[in-house]
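Step one of this worksheet: look at the structure below.
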Amino acid sequence: MDLELRHLRVLCAIADTGSVGRAAVAIGASQPATSTQLRRIERHLGAIVFERTAAGVVPTTFGAEVLAAAREVLSRVDRLGRAGGPDGERPGRDLQLATDCPALLPGTLARARQLRPELRFTVSPGRDGQFDLALLLDHPGAGPRPAQPLAGRAVATEPVFVALPAGHPLRHHAEPALADLAAETWLLPAADGAGWPALFRAACESAALAPQAVRELPCGRREVLDLVAAGLGAALVPGSTPPVPGVALRPLLGTPVWLRYLMLWRPQALGPGLVDTLFGAAVAAYRELAAEAPHLHSWASRTFRPPRT
C-alpha cells in the first residue's frame, strides 16, 4: 500500500472530529470503511496513530507528528491548486480573535505576524460573541463543534496531569490514580478555558470518586499553581504545563482526562491560504509549549505502544 492524499485526509478528518464515526460522515464514507482504512494506514506506518479513549480518539505522540506532516502536505497541494489565483484576502487585515487558552496565544500571534506582517489582531477573552478566528481549549467529544458558519481544526490533543505540592506523599509515584487523591482539596481555575469544573466532575464520576473538598476559584491556571505550590491543594493542568517551582506534575493512571486545542474560523472572513498560515502558527506554538514540558515527554515514552496486529 502506498500513502495517497485521500489517506492523509482521512487522518486529518479523524483528528479534527475526534471520532472515526464523525470523520466518516465528514468525508462521505461509512464508519466500517473508515475504520478499515485507518487500520491499513497504521499498519503501513508501523505504529498507532490514534488512541481510543472513552471521550473519543486522540493522537499518539507518533500520531501528532504524522498529522503535522499530513497537514503540511495537504496545505502545499491546496496552495499549488490556487497558484496564480486570488484568495480573497485583503492587505492590512483586521482580525477579531477570541481565545480562552492564553498559553497558546503569544507564540501563535508572534509567528503569524512574522509570516503576515500586514495582519492586525483585536483579542477578546472567551468564546462568545463575533470573531473571525478563535483559539479554544476544550476536550475531545465535547465543547464547540465546527458548524455553519464556522470551520475548525484540532491543533493538538494532550493528556491532563495532576499538580501536587512538591512535598506531597505521592510525588514519587510515576502515575498516581485519581482515586488515591480523594482526600485532597481540589483547586479548579474557573476562569481557565477548559471548563475544569465540568471536566473534573466527569472524571470523578468515571472513577466513582467522591472528592472531599472542591474549590472553584475565579482565577486562572497560574494563580492556582501558586496555591498548589503553597500546599493548599491539588489541581488538574494540561500536560504541556511548564515546570513550576514547588509543584510536582504527574500524569494520572489510565489517562482519564484529555484536552484539545482547537482553532475555529469563519470561512467568509479567512481565505484558505490565511487559514493555513494561522493554523501552522498555532501548531508551532503548541510544539514550543510541549518542548518545555519534560514530564510530558517522559509520559509519552512510557505509554508508547507497538502497532496492533
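Computed quantities for the displayed model
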| quantity | calculated |
| --- | --- |
| Taking SER30, SER35 and counting other C-beta atoms within 10 Å, the order from fewest to most | SER30, SER35 |
| Charge context of LEU236, other residues only, Cβ under 15 angstrom, K/R +1, D/E -1 | -3 |
| Fewest-first sequence of LEU178, LEU232, LEU95 by Cβ atoms within 10 Å of each Cβ | LEU232, LEU95, LEU178 |
| Counted charge near SER298, where neighbours are those whose Cβ lies closer than 15 Å (Asp, Glu -1; Lys, Arg +1) | 0 |
| On Cα atoms only, tilt of 294-303 relative to the major axis of the chain in degrees | 80 |
| All-pairs Cα distance distribution in the chain, expressed in whole percent, bin size 10 Å | 6, 26, 33, 24, 10, 2, 0 |
| Other-chain or far-sequence residues with amide H under 5 Å of ALA248's (modelled H) | LEU164, ALA166 |
| Debye intensity ratio in log₁₀ form over the Cα atoms of the stretch 210-265, taken at each q of 0.15, 0.16, 0.25, 0.30 Å⁻¹ | -0.54, -0.61, -1.24, -1.38 |
| Residue order, fewest to most surrounding Cβ atoms within 10 angstrom, among MET263, MET1 | MET1, MET263 |
| Mean separation of Cα contacts under 8 Å (6+ apart) over length of the stretch 157-258, as relative contact order % | 51 |
| Surrounding net charge for GLY220, when Lys and Arg each add one and Asp and Glu each subtract one, Cβ distance under 14 Å | -3 |
| Semi-axis lengths (Å, descending) of the ellipsoid that matches the C-alpha gyration tensor of the stretch 5-82 | 20, 15, 12 |
| Once exposed loop GluC sites (Glu not before Pro) are cut out (DSSP; at most 10 other Cβ, 10 Å), longest piece of the chain | 119-309 |
| Derived scalar couplings ³J(HN,Hα) [the stretch 32-47; Karplus, 6.51 cos²θ - 1.76 cosθ + 1.60; whole Hz; x for Gly, Pro] | x, 5, 5, 4, 5, 4, 5, 4, 5, 5, 5, 5, 5, 6, x, 7 |
| Overall Cα dimensions of the stretch 157-258 - principal axes, largest extent first, Å | 31, 30, 29 |
| Karplus (6.51, -1.76, 1.60) ³J(HN,Hα), θ = phi - 60°, over the stretch 113-123, in Hz, Gly and Pro reported as x | 5, 5, 7, 10, x, 7, 6, 10, 10, 10, 9 |
| Rough spin-label spacing in nm, given labels placed 7 Å along Cα→Cβ, for HIS297 and ALA174 | 1.8 |
| Per DSSP, loop trypsin sites (Lys or Arg not before Pro) in the stretch 142-242 with at most 14 further Cβ within 10 Å | ARG171 |
| Normalised contact order of the chain, rounded percent, pairs of Cα under 8 Å and 6 or more residues apart | 23 |
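Rule-based calculations on the coordinates, nothing more; no lab input. None of the values given here were measured: they were computed from a predicted structure. Don't worry about glycine lacking a Cβ; one is built from the backbone with ideal geometry, like all the others, and counts go over all protein chains shown.
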